[in-house]
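As structure tokens, the structure follows; a few thoughts come after it.
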Amino acid sequence: MMVKIGRARAHTNIALIKYWGKRDERLVLPMNSSLSLTLDSLYTETEVVFNRDVDMDYFYLDGKIQDVESTNRVSRFLDLFRNAADMGEFAIVKSKNYVPTGAGLASSASGFAALAAAANIASGLNLDDRELSIYARQGSGSATRSIYGGFVEWRKGIDCWDSYAVAIDDGKWDIGMVIVIVNPREKRISSREGMKRTLHTSPFYGSWVESAKEDLRNIKIAIEERDIESIGRIAESNSFKMHATMLGANPPLLYWEPETIEVMEIVHELREQGLPCYFTMDAGPNVKILCRLSDAERIRSSLEQVFKPEQIIVAGSGPGIAIL
Ligand code: PMV
């Protein structure tokens, strides 16, 4: 029995300047560049075993065999590696998510980054991090950024081989996030569908892309200066603009729930008390609060007056992919 095996871990990332819309669906080329923070406490570990003796690809997530749709997505992704390495073996993929799946916490980012890193080892391709970022992108856009730790920019590029992430700051300073799981259930409309609808129907889409460019320029300066107030203000505004653009879609996309707004109010109150904290939201109702890591426990205790302890996750800035 000939088996080829690879194991890797990748951490999730939360975008501060969002990616929302593709200019090429198949290659996953984005309309705008984006920027994120990789988190330490949320990650995925994946094992890929290519085996001549199996008759198809099998995909297990948290010990459960996955349906045809998810398995096909993994298969199509593994084809990139199989084609490049000129190999025909099917694979058994086992992933464990240390992040609630489909809760708007970007499990697809850590998922496809870990899968790329594990498949890279198992296929013997030996891609470098930049190439891995290009491969991961084709599984899920946000995964392109999870190859690296700290603050990461995904440069939209001009073609398939020119759209990848770069690490811009290791994030090894007093910065972190408090995540409030408002609702852990699967999102109703996937980001893939949501962005397509927004791009094709929202009259605000063009302005969103333009203002994201300016936000990216400004946040990079703020990161360089470690100016948490400016980083937070820009990120919060960028997230609001993305959601405003979604509301302009037809039919409109509203990912918020009543508790989402409750979290926003708590954040506003804390800010009025002089504590710098700012929120950002993705394609789901959960809220991620950007803050100094040293302030996270104070934020947690305010949130615990309304939310259950298990709804709150504190995360610092995390590392890039690791081979296990
Ligand atoms: O990578 P996807 O297709 O799950 O899209 C992610 C989209 C957002 O999370 C809303 C924004 C982002 O840049 O991560």
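The values are calculated or read from the model by the stated rules, or taken from the named source; none is laboratory data. Computed from a prediction, not measured in an experiment: that's the story for all the values here. Here the Cβ positions follow ideal geometry from the backbone for every residue, glycine too, while neighbour counts run over all protein chains shown. Heavy atoms of the whole protein, side chains included, go into the accessibility calculation; ligands, DNA and RNA do not. Shrake-Rupley method; radii C 1.70, N 1.55, O 1.52, S 1.80 Å.
Pairs of lysine in region 201-324 with Cα under 21 Å and at least 8 positions apart or on different chains: total? Counting lysine pairs in region 201-324 gives 5. For residue 314, nonlocal amide neighbours, meaning residues 5 or more places apart or on other chains whose placed amide H falls under 5 Å from its own, are 179.
Per residue, the solvent-accessible area of the chain (1.4 Å probe, heavy atoms of protein chains only, all protein chains present) comes to 43 Å².
Remark on the chain: ratio of C-alpha radius of gyration to 2.2 N^0.38 Å is 0.97.
Based on the mean of other Cβ atoms within 10 Å per residue, sort peptides 30-37, 192-199 so the most packed one is first.
On the way: 30-37: 24.4, 192-199: 18.8.
Ranked by mean Cβ neighbours within 10 Å, highest first: 30-37, 192-199.
To the nearest 20 debye, what is the magnitude of the charge dipole of the chain about its Cα centre, counting +1 on the Cβ of each Lys and Arg and -1 on the Cβ of each Asp and Glu? It would help to have the intermediate numbers written out before the result.
Numbers: 38 positive and 44 negative charges, 105 e Å.
About 500 debye.
Based on alpha-carbon atoms, the Kirkwood radius and the radius of gyration of region 95-190 give Rg/Rh equal to 1.00. Using the Cα coordinates of region 176-316, the gyration tensor eigenvalues translate into equivalent-ellipsoid semi-axes of 26, 20, 11 Å, sorted from longest to shortest. Straight-distance candidates among the lysines for linking to residue 94, with alpha-carbon spacing under 25 Å and chain neighbours fewer than 8 residues away dropped: 4, 64, 187.
If r is the Cβ-Cβ distance from residue 72 to residue 185 and R0 is 35 Å, what FRET efficiency results, to the nearest 0.05?
That pair, residue 72 with residue 185, gives E of 0.95.
On the basis of the beta-carbon distance and an R0 of 41 Å, residue 65 and residue 174 show a calculated FRET efficiency of 0.45. Computed on region 185-241, the Cα convex hull volume stands at 104 Å³ per residue. Treating r as the C-beta distance of residue 247 and residue 322 and R0 as 41 Å, the FRET efficiency rounds to 0.55. Volume of the convex hull of region 1-59 (Cα atoms only), normalised per residue: 125 Å³.
In the chain, taking the dipole from charged Cβ atoms about the Cα centre, the farthest positive-side position among 168, 206, 216 is held by 206.
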